[in-house]
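Everything on this sheet refers to the single structure shown next.
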Amino acid sequence: MRNILIVDEDEQHLETTVTVLGKTQRYTVEQANTGHDAYQKSRNKEFDIIITDYEVPRLMGKELVNSFRENKDNVATPILFYSDKNADAKIEL
């Protein structure tokens, strides 16, 4: 099974994403509400992909990526960002 980490402070987004991915029974899905929680989880477990809202509390965007990349096991882990903010907003990494 693949390990996926979902990061979002919005409980409804988390619940929906975890439910949809978990239904396939092909993934082990873990969740975190803050960037700091996600970072702690990534230190204790290797994930195949990290899916995160760009703006989460206590580490976000570039800082979140940098913290994941500090762990040599996460250097090649894909990180997928999404945002529920204005579609015209520019996200910088």
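The figures follow:
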read-out	value
Relative intensity, log₁₀ I(q)/I(0), of the chain from a Debye sum that treats every alpha carbon as a point, q = 0.15, 0.17, 0.20, 0.25 Å⁻¹	-0.53, -0.68, -0.94, -1.37
Mean separation of Cα contacts under 8 Å, 6 or more apart, over the residue count of the chain: relative contact order %	30 percent
Total charge dipole magnitude, the chain, about the Cα centre, Cβ charges on Lys, Arg, Asp, Glu only, Debye to nearest 20	420 debye
Proximal aspartates and glutamates to residue 45, defined as alpha-carbon separation beneath 16 angstrom and excluding residues fewer than eight positions away on the same chain	30, 37, 70, 73
Prolate/oblate/rounded label for segment 12-51 (Cα gyration tensor, a/c 1.5)	oblate
Net charge contributed by nearby residues that have their C-beta within less than 10 Å of residue 7 (K/R +1, D/E -1)	-4
The chain, helix-only ellipticity at 222 nm - DSSP H runs n ≥ 4, -39,500 (n - 2.57), divided by all residues, nearest 500	-10500 deg cm²/dmol
Kyte-Doolittle at least -0.5, axis length at least 15 Å by Cα - qualifying DSSP helices, the chain	11-23
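Each reported figure results from applying straightforward, stated rules to the coordinates on display, with no laboratory input. Keep in mind the model is a prediction, meaning the values are calculated, not measured. Every residue, glycine among them, receives a Cβ derived from its backbone with ideal geometry; neighbour counts consider all protein chains shown.
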